[in-house]
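What follows is calculated from the coordinates using simple rules that are stated; it is not laboratory data. All values reported here derive from a predicted model rather than from experimental measurement. Heads up, the Cβs are rebuilt from the backbone with ideal geometry, glycines too, and the neighbour counts pull from every protein chain shown.
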Amino acid sequence: MNPTTNTIFPKARMDRLNALGLGIAEGKREGAYVYDTDGRRYVDGYCSAGTFNLGRRPPELAAELKQALRETDIGNFPMISREKAHLGQALAEFVPGELECSLFGVMRGEAVDAACKVARGFTGRPRLLSLEGGWHGQSGFALSLSQREDASLFGPLIPETGMLPWGDLEAARSKIDGNTAAVILEPIQAENYCREATAEYVRELAELCRTNGALLVFDETQTNFGRTGAKFAFEAMGVSPDILVLGEALGGGVYPITVTLMTQRVNSFLNKHPLIHLSTFGGADVGCRVAQKALELYTRMEPWKNAREKGGLLMKGIADLVMAGGSPIRGAVGKGLLISLDLVTPEAATEFCRKAIVNGLILLPGEVARHTVLLRPSLLITEGETQEILAAITAAAQ
Amino acid sequence: MGVQGQAGLQKARVPQQEKKRIEALFGRYINRGQMKYLRAGHLDVLETQRQGVGFTDPYSGKRMYDCFTSAGSFNVSRHNAAVMQAMEEALDEWDMGSFGLMSEPKLALAQKLVSLAPGDLKKLFFASGGGDAIECAIKLARGATGRPGIIATIKAYHGHTGFALSANGKEHYRHYFEPLMPGFSFVPFNNLEAVKKIISKDTAAVLLEPVQGEAGIFPAREDFLKGLRALCDEYGALLIFDEIQTGFGRTGRLFACEHSGVIPDIMTVAKSLSGALFPNAAVFYRDIPRLVDFVEQHPDFHVCYGGGSDIGCRVSLKALEFLMENRVWENAERMGAKLKNALLELQRENPKVIKEVRGLGLMVGIEYGYEFMGPLMSDALAQRNVFAAYSGNAPQVMRFMPPITINEKEMDEVIAAIRAAIADMKRLLPIASIAAKVPGVVKLLNSERVQTSVFSFLRYFERSGGKA
């Protein structure tokens, strides 16, 4: 089977896959690996943009979903359910601080849109601010707050949105005011060469939000559940967001579920206006079971520790490679197992991905900084798999 | 499987204490207001033993007919054995898969979907749910035409994310989240003249549900749809059908657009593609240069990590096979006619209670005389073992959308329950009707918040002493 010869999906997407060396069909998958239908094995360094934090098809999650589907189903979305209640409780216990209340979604953009709506509803103010270089998702609010070349194609987007220049506190002071509903940020802009906000800057933003009565929203869809070597990036920065957006890693790549978490104070808006933001599939009861099991695994395995350790090994290996010279990699930035390589040009980034897959490693370029390549493998990779990744990167850099 | 013959399913009683515990958790960690709201309409039921056309209320042990089905998500019935088996098997081999990469399940479902889609809707994107599909559809329309204008319909319901919410035609869902996107305008449903007045060379698309669902079940007239098709062609605008609720047999055809034969340029489907078990959705678009050229220039204009997953595609494929093998839409047409005729008869008998009966296939709605009757009827029906929700958008309207696998005997039971519930409710009417004559009281009774408080008090009264 040549999966890219179909006429249903865009030919240009199929061409791009082929250019990246990804004209394969994903077949068997297990842990850090995925196999194509010809039986070739690859380390998954893409993990569907950080969905597979616990590796491919985690057996405990597959088993839990099998059990859950006999006992429950998607459920009627407006209804109360034990699965939603229990997952809500488990999330409140898992996530540090006072982020106690859950609003579920299916995808990350939806969860970001929910955060924006709750911020407007709660504050009664219109203005939403994000940071330049962000990539929050594909839906209306998320797109309006993302730095995308193609955003202008889609007509006038959500009004009263704006971007703060990166790291510029003066600009933040002048733009965050009594009209601001929320400031939303990714602690690390994964698609933008893993640009990381400094803790000092974020703490200042938090303070500006607090004094102006605006909410601080953390979009951790790319950094959550240990990806950066901490359970959540906000913890490490010493701030307490009012709203926290968690992405598909919540369902461990077995069931699509995301969540917008908020404090009781902020949730008072939704208590006053129940069922004003709905999602048919968001918080599906079977999905809640999977997510709850995933939280158990995260708690038991503490994969952030392994992410820290293996991320350190990878960064050291890549730094050695860059230092040695002669490689197309100009530099690397990373935290935990969220690593971005600078290949200088988009063409070189594509070429690098193509060579990596030949050497058994799946990688994709960054969406904002297209001259970069992102590496985000399973958080549970072993020492041997880490060496395998390094060997593939070294070979691809030849 | 109906309410009768379910003895085996009636074991799962849950003590009241356990229910209280779950309610306390739900109130604290999810939403307290939602619980109060549901309790007011006797809808605070924990769904267990989800099977066939219903579920069990574990507190009372009662079997309930599910006439809401998550707004039409359970067309293949709940816990459909074939779909369950497909999902179990999928879990031995697949996970969600990686967005963008190809796989056998994705290709198989895509091929199946385009083989069933009407006309030249032979291309598609996957999406993670109905709202996401609408986001994709509107972006495609604006992108392909380079125009900003979207004409949607008053009372329309398309979803809650940015683009979809901007196309929602009811203030209720928009109010607290304004300003939404410019360029969206709204016309009365089934009113072609109104569209003619505002459609222009700035119009990217006309977007509508072939049967307005949440608004209160308004089927589009054939001449309206044909007129829209002609108008869109004349102005170079695209026609988008939101078949999220109407798709996959609900209206008596596989897709509602088959009734009129009007082929849209873009068509969204979701809900019942899930097989009641796994989220999935799709956006079909026609194989025409205007759309294809844009997509080929911007193939990743709308990416989606949650939809079109490998497990989801396996589940959806089996759900589609089940629908096709059993020609379930034919059953929807028969049972829908039965239900509608019975409701029309009830309307003749109770003209003050039932103002109108509308529907297409098994998407049937009752419009009551007053808004406050919706919650009252939800309540009365729940006591008669039928779970039916009134529209948040229009509380005087109640939707009946049971699984379209429902059989004759089950349909008879649902109809009998509706009949009995109307009789129950009528006992309250003399008081309500007198009260309704006092200026301001109707407005008060129609207020959701007042209803929630009043009904919550009644529930409390009932539990504390009204009932032995």
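Considering only beta bridges that DSSP places wholly inside chain A, some 65 percent are antiparallel.
Could you work out the relative contact order of chain B? I mean the mean sequence separation of Cα pairs under 8 Å and 6+ apart, divided by the number of residues, in percent.
21 percent
Within the same chain, aspartates and glutamates fewer than 8 places from B:K201 are excluded, and of the rest, those with a Cα less than 13 Å from its Cα are B:D233, B:E234. Relative to the longest principal axis of the Cα atoms of chain B, the long axis of helix B:373-383 lies at roughly 70 degrees. Neighbour counts of C-beta atoms inside 10 Å place A:S327, B:S272 in the sequence A:S327, B:S272, starting with the fewest. Phi-derived couplings, Karplus 6.51 cos²θ - 1.76 cosθ + 1.60 at θ = phi - 60°, listed residue by residue for the range A:29-42: 9, 6, x, 7, 10, 9, 10, 8, 6, 8, x, 6, 9, 10 Hz, with x used for Gly and Pro. Each Cα pair under 8 Å and six or more residues apart adds its separation to the average, and for the range B:81-325 the resulting relative contact order is 30 percent. For B:V187, the residues whose amide H sits under 5 Å from its own are B:A152, B:T153, B:I154, ignoring neighbours fewer than 5 places away on the same chain, with H placed 1.01 Å from N. Over 26 Å between Cα atoms: which of B:K36/B:K62; A:K28/B:K318; A:K28/A:K66; A:K272/B:K352 fall into that group? Checking Cα-Cα distances, A:K272/B:K352 exceed 26 Å. Using C-alpha pairs below 8 Å separated by at least 6 residues, the relative contact order for chain A is 23 percent.
Summarised in one figure, the compactness ratio Rg/Rh of chain A, Cα atoms and Kirkwood Rh, is 0.96. Once the chain from B:D202 to B:E222 is taken as fully extended at 0.36 nm per residue, the excess over their C-alpha distance is 4.7 nm. Share of pairwise Cα-Cα distances greater than 29 Å in chain B is 50 percent (whole percent). Each residue of the range B:81-325 gets 120 Å³ once the volume of the Cα convex hull is shared out per residue.
Partner lysines whose Cα lies under 16 Å from the Cα of B:K196, excluding those fewer than 8 positions away in the same chain, are identified as B:K226. Bridge orientation summary for the protein assembly as shown: considering DSSP beta bridges with both residues in this region, about 60 percent are antiparallel. Taking trypsin sites (Lys or Arg not before Pro) across the range B:154-258, the ones in a DSSP loop with at most 10 further Cβ atoms lying within 10 angstrom of their Cβ are B:K201. Summarised in one figure, the compactness ratio Rg/Rh of the protein assembly as shown, Cα atoms and Kirkwood Rh, is 0.96.
DSSP beta bridges confined to the range B:81-325 are antiparallel in about 45 percent of cases. Counting only the backbone N, which residues of the range A:81-98 are under 20 Å from the spot 7 Å out from the Cα of A:R265 toward its beta-carbon? What the label zone holds, given the 20 Å backbone N cut-off, is A:92-93, A:95-98. The distance between label points at A:K66 and B:I154 comes to 5.5 nm (points 7 Å beyond Cα on the Cα→Cβ vector). Taking a straight Cα-Cα cut-off under 25 Å and skipping sequence neighbours fewer than 8 places away in the same chain, the lysines within cross-link reach of A:K175 are A:K117.
Modelled label positions at A:R173 and B:A416, each set 7 Å beyond Cα in the direction of Cβ, lie 7.6 nm from each other.
Loop-resident trypsin sites (Lys or Arg not before Pro) (DSSP state other than H, G, I, E or B) in the range B:305-345 with no more than 12 further Cβ atoms inside 10 Å of their Cβ: B:R327. Coupling constants for the range B:254-270 follow from the phi torsions by the Karplus curve (6.51 cos²θ - 1.76 cosθ + 1.60, θ = phi - 60°), and in residue order they are 4, 10, 5, 5, 5, 4, 9, x, 7, 9, x, 7, 9, 9, 9, 9, 7 Hz; glycine and proline get x. Shown in residue order for the range A:245-259 are the 3J(HN,Hα) couplings computed by the Karplus curve 6.51 cos²θ - 1.76 cosθ + 1.60 at θ = phi - 60°: 9, 10, x, 5, 4, 4, x, x, x, 10, 8, x, 7, 9, 8 Hz (x for Gly and Pro).
The distance between label points at A:E309 and A:A151 comes to 4.1 nm (points 7 Å beyond Cα on the Cα→Cβ vector).
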